[in-house]
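First comes the structure, then the notes that go with it.
The values are calculated or read from the model by the stated rules, or taken from the named source; none is laboratory data. Values in this document were obtained by computation on a predicted structure and should not be read as measured data. Quick reminder, even Gly has a Cβ in these numbers, built from the backbone with ideal geometry, and neighbours come from all protein chains shown. SASA here: full protein model, heavy atoms, side chains in, ligands and nucleic acids out. Shrake-Rupley method; radii C 1.70, N 1.55, O 1.52, S 1.80 Å.
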Amino acid sequence: MNGAPKEVTLTIDGTQLTVPEGTLLVEAAKRIKTDIPVYCYHPKLGPAGLCRICLVDVEKTPKLQIACNTTVAEGMVVHTYGPKVEDGRRAVLEFLLLNHPLDCPICDKGGECDLQDYSIAYGQGASRLADPKEIKPKAIDLGPTIVLDDERCIVCQRCTRFDEIITLERSLVVKDRGQRDVIATATGTPYVSMFSGNVTELCPVGALTSKTYRFKSRPWDLNRSLTTCVQCSAGCAINVDERHGEVLRTMSVPGDDAVSEGWLCDRGRYNVGFYSDPRRLTSPLLRRDGEWVQLGWDDAIDLWAKTLREAVDSAGPKSLAALGGGRLTNEEAYLVGHVFRALGCENIDWRTGRQRQASPGPRGGTYADVESAQALVLVGVPAAQTAPIMSLRIRKAVSQRGARMILVGDYVLPIRVAHDRVARPRDLASLDLDRYERIAFFWDGIDPRVGSELNEFAESLAEGRKIFTYINGETPNARGAEGMGLVPRSGGRDSVGILAAAHDGNLRALAIFAANPVLHMPGGANFVRGAIKNVPFVVTTELFMTPTAERSTLVLPARGPFEKSGHTFDLTGAARVLRPGVAAPTGTLSDLEILIALASALGVDVPGPVALHRQAVLHAPWVASGFGDPALFAEGELKALRAGPKASGLRLVIAADLFSGGGTVYHDDRLGELRPLATATLSEHTAAVAGVHDGDLVDLVAAEGTLSGLVVRLAPNHVDGTVTILEGLPDAPASAFESGQTVALANVRVPAGVA
Amino acid sequence: MTASRDFAETLAKVKPEAERLMAQYPQKRSALLSILHAFQNAEGWVSPEALAAAAEMLDLPVSVVESTASFYTLFFRRPVGQYVLQVCRNLSCQLNGAEEIMAYCREKLNVRHFETTYDGRFSYEEVECLAACDRAPCMQVNLEFVYDLTREKIDEILLAMNAGNFEVAPLPQTVKPDVTWFVAHEGEKKSPGAQGVSSPNDPGGIGDPSGRQMIERIVRDPRLVEARPTAERLVRDGAARLEAGAEH
Amino acid sequence: MPVSKVLTRGIGEVDLRDLKVYRRRGGYRQWKRVITELQPVEVVDLVSKSNLRGRGGAGFPTGRKWGFLPNNGRPRYMVCNSDEAEPGTFKDRMLIEETPHQVIEGMLIGAYAIGAKQAFIYIRGEFKRGYEVFTKALADARDAGLIGEKLFGTEHGVEITIHRGAGAYICGEETALLNSLEGRRGEPRLKPPFPAIKGLYDEPTVVNNVETLAFLPYILKNGPEWFAQIGPPKSPGLKVVSVSGHVKKPGNFEVALGTTLRKLLALAGGPRDGRKIIAVQPGGGSSACLFEEHLDLSYDFDTMAANGTMLGSGAVVFFDDTTDFVKAAHALVRFFAHESCGQCTPCREGGHWLEVTLERILHGGGLDSDIDMLVAVARQLTGINLCPLGDSIEPFLASVVKRFESQFRGYVRKRAIAV
């Protein structure tokens, strides 16, 4: 049995072509640039045979055949145009347009609508309907992001099949029967999904539209640029559509098979309003006598350079520190290290949040490798909360390959699939994982003790097997920052040490690059605030006046990812390209420009563009030795996990939510409903035991502090005995707490206005 | 309609039957229709609680169970009467006088197709071929056949049902039914439950699903308001012109 | 030559639901013989030789259908289609309610022949009485050791499960039935893959009609030649025909295929007093109408097909000269629109469009152009659908518009409401 796939030769419209056996006609036609119209067929969703628009004439068959479900056969002769085919298409279009409302002038899809396009190409023009069109509900508020228009819907079921095949969430379903078929969710339940925006792209007509884009623009008014999204570590390719200097919407990149496969998560898709938010910083601000004073760029850079020189001269380079870089491009991250190391400073660390490691190690896999895994071991913060596109790959492995899911600790699975759970990584030995040949391990990069225990187990299985490791961390370009060397080398302090030094008054100057440690740095907002307060000169580059920027001495207005060019690494370490899609507000500079200006003021040589590019992209990024690489952690951090005494109370789980945060999401008013409330989520059983109900208000109490006024939510999939809160909420920052610690609930009350 | 029943009791009754049904099939999802029949037999209709319970038992999302249930016409998604009268309106019955019979039923019960009588006793539906064409016109009462319908026969059975001694047992009725059990559009105009979901009439920051804001903006644009003749202004301007002695 | 009935023999005279009665008349003897003496392939061979064609509507040769199953070691399933809902058909209900054991025996033999260990019967939701009768019959048969594992001391066995539908005509289509059996919406599946390859739970499956399976014990008892020699060679055997409409004594009649519509009319007591039959629908609601000049045609699969209509499930509806064909057409079009699953565009939109147009015509709002449009639209939605329901809309409508156009024009002239 040889491995070469069999090939088939057929003729389409007089052109002979040879394709692999099993190819669908609709795909074969694409090879000769013949577009057969389709609605329900989608390359990623497969054929459904519902719309009937793809009818073609296959010789020797009496009836027209649908190209989406006909596989090529040797010697097949196909006609995709001609009277027979045109009659069929005209018929189908007449039926589709019959009760379709004449909404084109007010429909968002106008200009990029498949129904419009095919009607012009294949339709018959006038309608023969002598009766009123069917009236159905319009502008249905389907959920926080999507509006459904039943009248426009052609029931192609791309949206329901997307929810069934790709996300496995099955929130959208078809209800009723016949002409009354309607797309709906479970009664009374909104359509809430991290991937809801994709249905607006899948929908061939304007039935599903995005709330953030409704009535905003026409596609021909938009200028499109292809760039990379930097809102999470996944690194999806993204199309940015701007008009008059405003980013109006983003769209997926169908050809991005390496990462996103043509899908986008809602965070990347919808969090774009902040680019034109009036609260954007547009000039350097200096705090003088408790007031903010505007400064010119030259003065600001000069002041900064002067302060740095003075600090080095009087207290040595040990009194300097640079934090952040996980949200910068590779080029910018590289320059941070370059400039500060030129001053002799080794207190450089990108880790201003929970994530402590970015590179998984030499066994790091690609996105495609996830799909081929036979078993998936998931530890820490779920991929669905940190890199949703990775979560789709995990779901694909489960649904299409039957991969087995093993959850460790309190991992919350976002979908209902069968899984095993063990308490700790070392417990994985009790499962029979050695019968698999390809296993993928996911860690969030937060707790190095968990990471190294997991690493040990993974290594024990590595012999004769394919092991793929991934870190789905919370910081977007952590891989790039780490890879460019923003980790302290010998003699330097890591971020925890830097803040400790700050606290003790040992730092003279601190630079924070595009980071918000007040909100995200473990140790608590108070500790971080206190630390920063004790540093005489703090410079922050930011887009908005975040809690960290508020406490700085000098705030420099920076640019966002869509306004910059450069490169990042996705979480697998592959280089991704950024191209500017929208003009930045006047007065802002990218961190690259800021650093070059600073270097110039300091008299430090900066590598030229070619050398910088080579450094940022072509050099292989630094690779850790595995999960929990000791080079990245202080000794104390790697102490073995203790099985603590059974404390009474609940175990805390700090989950991530891509719509939390104090920067781009906080300052994006288009996202109103998507910003999460401060919640405490429990399983039904735990809530019953604790005596709380969904919707109650409660305080979370621990030694480190209290979070008051959390809304109780009950959810399935949450481990009994745990309570889950969200990281990064400006109103209820969780940075003082740690996942796994014991907390208690107190002061349960019913909110006012509820019976 | 208020739920004046204890669903836990129904669930306890249906659960053993459901387990037996699920065990019969290689995949337990196959038991869904039969489980919904069991709930309907117990309560008289397929309630939201029943759908949720079925979803739980079969490990399915509620949305999928609702989608499946909504496909089949024998599942009543809202409460119905104690006697569900389903008269055949298809070809062979029509050829044998079904139209007259249906008109008579509607007249006697004072209902239309898909409606329940005011006292909540009879629900009336016109259905498709019941496979009793040799005894046309015919109907089913609670899925039991009543053949060879005539006006007299209709009178007879209605009498018996009202008296409670008809050969077919009434359905259990846990909730008093409304006028109809027909679910017009399964989609709702507003999806409650999302945190702070905006109303189409007051969208706040998230954009305007109904387009109303945009229309408001156009209609109330001050530059346009001034230019637009309103009745009031026409009268006012007309009076002013009269005063000024202008010609009209 | 009169052929003696088999399926309907004894109905109304003895209680064939009683297992003892059924066995006394020879019931389950063939099942025992099959499972103890014959190999499955021998049974398939016998059935193929009998030229038995499916009695549910499609008329596909049963032996050939059984031969499509692949030898891939996957579990196989036999499904008995008792979702009888074709307008004018009421034979399966009679078989289920009056002679359930006959059907059970046929299911067992059929399952054994295709190597299925489990068989299902999908009973229409409205057949509550039939479901109760069949449940009891199954229980009796199981108690008597006729159903289950390791029967009659052999290694073989067949288990039967009853599944109730819930009100959807489309579930009579085999792939929609399989979806419904799996607990899903009863929507037809895309073919290929075919049920013989990927059917119930994606395993090789055969779906047969109640009547088809009910004949199996008799084919085995009397031999395939007995069946093959009744009626035309390519469309042989007995058939239970449901006759209704404008006849004096409607009912189920077991006849030899190759009889004539005129003979069926006579069996059903002829037309009502003083009336003349002017049209007949020979194969259920999906078939085109034939007319008085066709009454002597041979009633078999091929002759009906050759005359532009079909035998279908064998449901004959006679229309006399009082018939309002506009109302009749409306009733059937409304039926198909109501039962459409809604998946594919032409059936979902076109069917509803035709229903709305006919309704408007009936209420006096019709235009002359509507009549031509009806025929054109019905033609246009045929042949491009996912399943045969969409294709079922045109035949009756087109045939009566053509023949009784004056009736349709008459409605248009009557204009009661201004359009």
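Using +1 at the C-beta of Lys and Arg and -1 at the C-beta of Asp and Glu, which of C:PHE404, C:LEU52, C:ALA85 has the Cα lying farthest in the positive direction of the dipole of chain C?
C:LEU52
Considering only C:PRO232, C:PRO70, C:PRO395, give the residue with the highest GNM mean-square fluctuation for chain C, with springs between Cα atoms whenever their separation is below 10 Å.
C:PRO70
Using amide H atoms built 1.01 Å from N in the peptide plane, name the residues 5+ places from C:LEU290, or on other chains, whose amide H lies under 5 Å from its own.
The list, which skips near neighbours in sequence, is C:VAL280, C:GLN281.
Using the Karplus equation 6.51 cos²θ - 1.76 cosθ + 1.60 (θ = phi - 60°), what ³J(HN,Hα) coupling, rounded to whole Hz, does each residue of the range C:320-335 give in order, writing x for Gly and Pro?
Taking θ as phi minus 60°, the curve returns 9, 6, 8, 5, 8, 6, 5, 5, 4, 4, 4, 4, 6, 5, 4, 4 Hz for the range C:320-335.
When ranked by the protection proxy of mean other Cβ atoms within 10 Å per residue, highest first, what sequence do the peptides A:494-503, C:312-321, B:78-87 form?
On the way: A:494-503: 21.2, C:312-321: 25.9, B:78-87: 23.0.
Sorting A:494-503, C:312-321, B:78-87 by mean packing, highest first, produces C:312-321, B:78-87, A:494-503.
Using a probe of 1.4 angstrom, how much of the accessible area of the range A:543-661 is carbon and sulfur, in percent? Show your work: numbers first, answer last.
Numbers: 2910 of 5130 Å².
That share works out to 57 percent.
Quick one: work out the % antiparallel among DSSP beta bridges in the range C:19-229, nearest 5.
Numbers: 2 of 19 bridges.
If I count the DSSP bridges inside the range C:19-229, around 10 percent turn out antiparallel.
Any idea what the relative contact order of chain C is, in percent, if you count C-alpha pairs under 8 Å spaced at least 6 apart? Display every interim value, and only then the final one.
Numbers: 849 pairs, mean separation 65.7, N = 419.
Taking the mean separation of contacting Cα pairs over the length of chain C, I get 16 percent.
With unit charges on the beta carbons (Lys and Arg positive, Asp and Glu negative) and the dipole taken about the Cα centre of the protein assembly as shown, which residue among A:PRO219, C:ASN385, B:VAL80 sits farthest to the positive side?
C:ASN385
In the range B:98-135, what residues drop by 50 Å² or more in accessible surface going from the chain by itself to the full protein assembly, probe 1.4 Å?
Listed by number, the residues meeting the 50 Å² cut-off are B:GLU128, B:CYS129, B:ALA131, B:CYS133, B:ASP134.
What are the residues whose amide H is under 5 Å from the amide H of A:GLY581, where those residues sit 5 or more places off or on another chain and H is modelled from the backbone?
Amide H neighbours of A:GLY581, under 5 Å, 5+ apart: A:GLU563, A:LYS564.
Give me the distance between the Cα centres of the range B:154-179 and the range A:179-234, rounded to whole Å.
50
Roughly what % of DSSP beta bridges within chain A run antiparallel, to the nearest 5?
Values: 54 of 100 bridges.
Around 55 percent antiparallel, to the nearest 5.
Scaled to the compact-protein estimate 2.2 N^0.38 Å, what is the alpha-carbon radius of gyration of the protein assembly as shown, rounded to two decimal places? Present the calculation step by step, with values, prior to reporting the outcome.
Numbers: Rg = 36.8 Å, N = 1422, 2.2 N^0.38 = 34.7 Å.
That ratio works out to 1.06.
For chain A, what is the charge dipole size about the Cα centre, in debye to the nearest 20, if Lys and Arg each add +1 at the Cβ and Asp and Glu each add -1 at the Cβ? All intermediate terms of the calculation are to be shown ahead of the outcome.
Details: 79 positive and 89 negative charges, 100 e Å.
Using Cβ point charges on Lys, Arg, Asp and Glu, chain A gives about 480 debye.
Give the cross-link partners of C:LYS91 among the lysines, using a straight C-alpha distance below 24 Å as the criterion and excluding same-chain residues fewer than 8 apart.
Excluding near neighbours in sequence, the set is C:LYS5, C:LYS20, C:LYS65, C:LYS128, C:LYS136, C:LYS221, C:LYS234, C:LYS239, C:LYS248, C:LYS249, C:LYS263.
Can you give me the Cα centroid spacing of the range A:650-689 and the range B:79-124 in angstrom?
53
Which sequence of A:SER252, A:SER314 reflects their accessible areas, 1.4 Å probe, from the largest down?
Numbers: A:SER252 10, A:SER314 80 Å².
My answer, sorted largest first, is A:SER314, A:SER252.
If I take all pairs of Cα atoms in the range A:275-425, what percentage of them are more than 28 Å from each other? Don't skip to the answer; put the middle values down first.
Details: 5393 of 11325 pairs.
Roughly 48 percent, once rounded to a whole number.
Considering only protein heavy atoms, what per residue accessible area in square angstrom results for chain A with a 1.4 angstrom probe? Mind dumping the intermediate values first?
Working: 28420 Å² over 755 residues.
That works out to 38 Å² per residue.
Mind checking the mean number of beta-carbon atoms from other chains within 10 Å of the Cβ atoms in C:183-192? Don't skip to the answer; put the middle values down first.
Working: counts 18, 8, 11, 5, 6, 1, 1, 8, 2, 3.
For this peptide, the per-residue mean of nearby foreign Cβ atoms is 6.
Cα to Cα, under 18 Å, and not fewer than 8 places away if on the same chain: which lysines meet these conditions relative to B:LYS153?
B:LYS108
Working from the alpha-carbon coordinates of the range B:7-71, get Rg over Rh, Rh being the Kirkwood radius. Show your work: numbers first, answer last.
On the way: Rg = 10.5 Å, Rh = 11.5 Å.
Ratio value, two decimals: 0.92.
Which order do the peptides A:228-236, A:554-562 come out in when sorted by mean C-beta neighbours inside 10 angstrom, highest first?
Details: A:228-236: 28.3, A:554-562: 25.1.
Final packing ranking: A:228-236, A:554-562.
Determine the shape class of chain C: with a ≥ b ≥ c the square roots of the Cα gyration tensor eigenvalues, call it rounded for a/c under 1.5, and otherwise prolate if a/b is greater than b/c, oblate otherwise.
Values: a/c = 2.14, a/b = 1.60, b/c = 1.34.
Prolate, since a/c reaches 1.5 and a/b exceeds b/c.
Tell me which GluC sites (Glu not before Pro) from the range C:113-187 have a DSSP coil assignment and no more than 16 other beta carbons within 10 Å of their own. Let's see the in-between values first.
Details: sites: C:GLU126, C:GLU132, C:GLU149, C:GLU155, C:GLU159, C:GLU173, C:GLU174, C:GLU182; in loops: C:GLU126, C:GLU149, C:GLU155, C:GLU173, C:GLU182.
Hits after loop and neighbour filter: C:GLU149, C:GLU155.
Which of the aspartates and glutamates could a cross-linker bridge to C:LYS49, judged by Cα under 12 Å and excluding same-chain residues fewer than eight apart?
Reachable aspartates and glutamates: C:GLU225.
How long are the semi-axes of the equivalent ellipsoid of chain A, taking √(5λ) for every eigenvalue λ of the Cα gyration tensor, in whole Å from largest down? Spell out each step's value before the answer.
Details: eigenvalues 444, 180, 155 Å².
Sorted largest first and rounded, they come to 47, 30, 28 Å.
Nearest 100 Å² is fine: what is the total accessible surface buried where chains A and B meet, probe 1.4 Å?
Values: alone 31330 and 15660 Å², together 43770 Å².
The summed interface area works out to 3200 Å².
How much of the accessible area of chain C, in percent, comes from carbon and sulfur atoms when a 1.4 Å probe is used?
Working: 7450 of 14510 Å².
Carbon and sulfur: 51 percent of the exposed surface of chain C.
Give the peptides A:266-274, C:54-62 in descending order of average Cβ contacts within 10 Å, highest first.
Numbers: A:266-274: 24.4, C:54-62: 21.2.
In descending order of packing, they fall as A:266-274, C:54-62.
Given R₀ = 60 Å, what would the calculated FRET efficiency be for A:ALA688 paired with C:ASN222, taking r from the Cβ atoms and rounding to 0.05?
Details: r = 68 Å, r/R0 = 1.13.
After rounding to 0.05, the efficiency reads 0.35.
Relative to the first principal axis of the alpha-carbon coordinates of chain C, what is the inclination of helix C:210-222, with its axis defined by its Cα atoms, in degrees from 0 to 90 and to the nearest 10?
50
May I ask you to compute the full-extension gain from A:ALA715 to A:GLU637, defined as 0.36 nm times their residue separation minus their alpha-carbon distance, rounded to one decimal in nm?
Values: separation 78, 0.36 × 78 = 28.08 nm, distance 3.26 nm.
Result: 24.8 nm gained on full extension.
Counting only C-alpha contacts under 8 Å and six or more residues apart, can you give the relative contact order of chain A as a whole percent? Walk me through the numbers before you get to the answer.
Working: 1617 pairs, mean separation 91.9, N = 755.
Once normalised by length, the contact order is 12 percent.
Can you give me the C-alpha center-to-center distance between the range A:510-568 and the range C:10-72, rounded to a whole angstrom?
81
Using a 1.4 Å probe on protein heavy atoms only, how many Å² of accessible area do C and A hide from each other, summed over both chains and rounded to 100? Don't skip to the end; give the middle numbers.
On the way: alone 17710 and 31330 Å², together 46270 Å².
By this definition, chains C and A bury close to 2800 Å².
How much of A:VAL58 can a 1.4 Å solvent probe reach, expressed as accessible area in Å² and rounded to 10?
Spelled out: A:VAL58, probe radius 1.4 Å, area about 10 Å².
Can you give the mean number of other chain Cβ atoms that lie within 10 Å of the Cβ atoms in peptide B:69-82?
That works out to 5 on average.
So what J values fall out for the range C:389-404 if you push phi through Karplus, 6.51 cos²θ - 1.76 cosθ + 1.60 with θ = phi - 60°, rounded to Hz, Gly and Pro as x?
4, x, 6, 7, 6, 6, x, 5, 4, 5, 5, 7, 5, 5, 7, 10
Compute the length gained on full extension between B:PHE114 and B:GLU156: take 0.36 nm times their separation in residues and subtract their Cα-Cα distance, giving the result in nm to one decimal. Don't jump to the answer; show the numbers that get you there.
Working: separation 42, 0.36 × 42 = 15.12 nm, distance 2.21 nm.
So the extension gain works out to 12.9 nm.
Go through the range C:96-113 residue by residue and turn each phi into a ³J(HN,Hα) via Karplus (6.51, -1.76, 1.60, θ = phi - 60°); whole Hz please, and just put x for glycine and proline.
Ordered by residue, 3J(HN,Hα) equals 5, 7, 9, 10, x, 5, 4, 5, 4, 4, x, 4, 5, 4, x, 4, 4, 4 Hz.
Starting from the amide H of B:THR180, placed 1.01 Å from N in the peptide plane, find each other amide H under 5 Å away whose residue is 5 or more places distant or on another chain.
B:THR116
Normalised by the number of residues in the range C:325-418, what is the relative contact order in percent for Cα pairs under 8 Å and 6+ residues apart? Don't skip to the end; give the middle numbers.
Values: 113 pairs, mean separation 34.5, N = 94.
Here the relative contact order equals 37 percent.
With everything on Cα atoms, drop me the angle between helix C:351-362 and the longest principal axis of chain C, reported from 0 to 90° to the nearest 10.
Taking the Cα atoms of chain C, the angle to C:351-362 is about 50 degrees.
Classify the range A:367-471 as rounded, prolate or oblate from the Cα gyration tensor: take a ≥ b ≥ c as the square roots of its eigenvalues, call it rounded if a/c is under 1.5, otherwise prolate when a/b beats b/c and oblate if not. Before the final figure, lay out the partial values.
Details: a/c = 1.39, a/b = 1.10, b/c = 1.27.
Rounded, because the longest to shortest axis ratio a/c is under 1.5.
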